[in-house]
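As C-alpha cells, the structure follows; a few thoughts come after it.
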Amino acid sequence: MLIVDVLIAVFVLTGALLMVTSALAMFRAKDALSRINVFSPATGLGMPLVLLGCYIYTLQHEGFSVYRLLIAIVGFLSFIIVSSIASNTLSRSTVLVGSPVHRYTRPNRLVEPLVPVDGGETGDPTAETETAHGDGPAQRSV
C-alpha cells in the first residue's frame, strides 16, 4: 500500500501547494481583478486535488461506499462550477463598480460595447445610434 500512500500524499500536497502559492501571489497582485484571477488555480485545481486525496485515503481505510463516492463527486463538481461562476461574477462586478485597474492589468472585455455597422466611434452603450447611412440603429457585436 506504499503506492497508494504516495499517491494520496502527492494529491494532497500538490493541492495544498497550489493553495499556498495562490494565497501568497494574492499579496503581489496590484488590483482586485488580478487577485480574483490569481486565486483561480487554488479553487479550480487545488481544492479538488485535496478532495481527491482525502477520498482515496477514506477509500483505503474504510472501504468503498456509494454514499462517499457520491459525496466526492458532488464536492468535486461543486468546486469546479462554483469557482468558475464566482470568479466571473466577482470580476464583472469589480469592473462595473469602477474599481481601479492597475496599468499593467489587461482585463478581458466584461461589458459588451455597441459596435456601429459603419465602424465609427461608439457612444453611450445604452443609447441607440443611427448609422452613417441612416439605415437603422447600430448592431450589438455577437
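The values are calculated or read from the model by the stated rules, or taken from the named source; none is laboratory data. Because the structure is a prediction, the values reported are computed rather than measured. Because the Cβ atoms are built from the backbone with ideal geometry, glycine has one as well, and the counts that use them run over all protein chains shown. Accessible surface areas use protein heavy atoms only, side chains included; no ligands, DNA or RNA. Shrake-Rupley method; radii C 1.70, N 1.55, O 1.52, S 1.80 Å.
Tabulated data
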item	result
The stretch 1-111, accessible surface, carbon-and-sulfur percent (1.4 angstrom probe)	71
FRET efficiency estimate (nearest 0.05) - Cβ-Cβ, LEU69 to ASP5, R0 25 angstrom	0.75
Residue-level accessible surface for ILE81, protein heavy atoms, 1.4 Å, Å²	90
√(5λ) per eigenvalue of the Cα gyration tensor, the stretch 1-82, largest first, Å	29, 15, 6
Label zone at ARG103 (point 7 Å along Cα-to-Cβ), backbone N below 19 Å, the stretch 23-53	29-34
Rg/Rh (Cα only; Kirkwood hydrodynamic radius) as it applies to the stretch 1-44	1.20
Relative contact order of the stretch 1-114, pairs being alpha-carbon contacts under 8 Å that are 6 or more residues apart, as %	31
Net charge of neighbours whose Cβ lies under 15 Å from the Cβ of CYS54, counting Lys and Arg as +1 and Asp and Glu as -1	-1
